[in-house]
Amino acid sequence: MLFLAIWLANDGGHSINNLGDLAGSGKLDIKSVSVAFTAVALIGCITAFNMVDGADGLLSVLASVTLLGLSAIFYASGELNLTYFCLLFVLAMVPYAICNLDIIPNRSLRVFMGDSGSFLIGFTVIWLMIAATEMSGEPSAEPIMRPVTALWLIAVPLMDMAMVMLRRMKNRRSPFSADRLHLHHICARLKMGRYQTLFIIGGVSLAHALVGIAGELLQVRESIMLALFLLSFSLYVISISYIWKFTTFLRHRLNIR
């Protein structure tokens, strides 16, 4: 992954050179550390999508939400080639999702994404996001997408990865060690079916993506969008931290076993 990051920043011609106007005092320039930051962003994005690949159909749903969000932003900026690329990528995942979810009841058609598939998706998403934040649309000289919007488009994979890593480090474990602390594991422990899990997690992801797209199209100040994202992440952390107490309370009140 480190090699891919270096290639993306140098030979590929795509690197993250600024983080936008996050503080309301002008664009935050990071050209001096652009290669290192790009490497961290690439590894983080690939890891985030790899970590959510733990429930049937979940990775394809979350990746589709992100790519559809990017396609909407590309379309609004007149970048039709990139729009078509995103839509074709989503379309290519439809047959996989059908087989992965056993929609066609044939064991010989059962497929899984695996690390190679999740790595490809994560790399494609970060490449498109870097392209969007560095390219200029017509007629404006401004980038197609502001960096803060990327956070909203990959909100669920990003927040799930951050939350799990924080919990592991709190327990004095490696942030990359395996466990069953992810959001889809929590849904399974709450006895949710695969389609319930997909609907809930996919719905949360879609809601965040729509907020990000709306903020981008309406040009809401980047500092406000960042503050709202941090608020959303804080609520996510609190919800996950107290999920068992909350569900136990509900079951007791509703006499559910």
task = Go ahead and run the numbers for FRET between residue 234 and residue 195, Cβ-Cβ distance against an R0 of 22 Å, rounding to 0.05.
result = 0.15
ask   = Say each of residue 171 and residue 29 gets a label point 7 Å from the Cα, pointing the same way as Cα to Cβ; how far apart are those two points in nm?
value = 4.5 nm
inquiry  = Between residue 96 and residue 210, what is the label-point separation in nm under the 7 Å Cα-to-beta-carbon projection?
reply    = 2.6 nm
remark   = Scattering profile of the chain from the Debye formula, Cα beads only, expressed as log10 I(q)/I(0) at q = 0.09, 0.11, 0.14 Å⁻¹, is -0.43, -0.64, -1.02
task = State the dimensionless ratio Rg/Rh of the range 196-244 (Rg: radius of gyration of Cα atoms; Rh: Kirkwood radius).
result = 1.06
The chain: relative contact order in percent, alpha carbon pairs under 8 Å with at least 6 residues between = 23 percent
query = So how exposed is residue 74, as accessible area in Å² (1.4 Å probe, rounded to 10)?
reply = 0 Å²
query = Taking springs between alpha-carbon atoms closer than 10 angstrom, which of 50, 81, 17 fluctuates most in the Gaussian network model of the chain?
reply = 81
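The values are calculated or read from the model by the stated rules, or taken from the named source; none is laboratory data. Since we're looking at a predicted model, the values are computed, not measured. Note that each Cβ is placed from the backbone with ideal geometry, even for glycine, and that neighbours are counted across all protein chains shown. In case anyone asks, the SASA skips ligands and DNA or RNA and just uses the protein heavy atoms, side chains included. Shrake-Rupley method; radii C 1.70, N 1.55, O 1.52, S 1.80 Å.
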